[in-house]
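Each remark here refers to the structure printed beneath this line.
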């Protein structure tokens with residue numbers, strides 16, 4: 001009869017068996033958690049994110065390029081007929097800044 005002094009082989013087998021048992025326990029725990037369904041995840045968006053989402057939807061619904069208007073403006077600029085209404089421009093810029101600060105301020 002031989003005696004195994006190092007006992008390495010039985011220890012390796014024990015570790016392997018312990019790993020198998022641990023994996024089985026992990027799998028059964030995961031299936032129990034998944035099948036219970038009692039925990040539900042939820043997400044809450046900030047008001048700024050909701051506003052941004054609304055703005056993106058609105059911009060996607062609008063036409064991107066009005067080619068006829070672009071051609072008309074190009075022709076007016078080349079001919080020197082295009083006049084800038086500085087009062088209206090200043091009013092629109094002020095309105096834009098006000099809307100922007102309300103949305104993101």
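The values are calculated or read from the model by the stated rules, or taken from the named source; none is laboratory data. What you are looking at is a predicted structure, and each value in this text was computed from that prediction instead of being measured. Glycine also receives a Cβ, built like all others from the backbone with ideal geometry; neighbour counts cover every protein chain displayed.
Scanning the range 29-53 for residues that are surrounded by 10 or more Cβ atoms within 10 Å (Cβ to Cβ), modelled with pLDDT of 80 or more and part of a helix (DSSP H, G or I) yields 48, 49, 50, 51, 52, 53. The set of residues in the range 58-83 that are at pLDDT 90 or above and either within 30 Å of residue 103 (Cα to Cα) or surrounded by 10 or more Cβ atoms within 10 Å (Cβ to Cβ) (or both) comprises 69, 70, 71, 72, 73, 74, 75, 76, 77, 82. Determine, yes or no, whether residue 77 is in a loop (DSSP other than H, G, I, E, B) and more than 30 Å from residue 47 (Cβ to Cβ). Here the answer is no, as residue 77 does not meet what is asked. In the range 34-52, the residues that are over 18 Å from residue 103 (Cα atoms) form no Cβ pair under 8 Å with any partner that is modelled with pLDDT under 85 and surrounded by fewer than 10 Cβ atoms within 10 Å (Cβ to Cβ), whether six or more places apart or across chains. Within the range 54-72, residues that are assigned to a helix (DSSP H, G or I) have Cβ atoms under 8 Å from residues that are at pLDDT below 90 in these pairs: 55/103, counting only partners at least 6 apart in sequence or on another chain.
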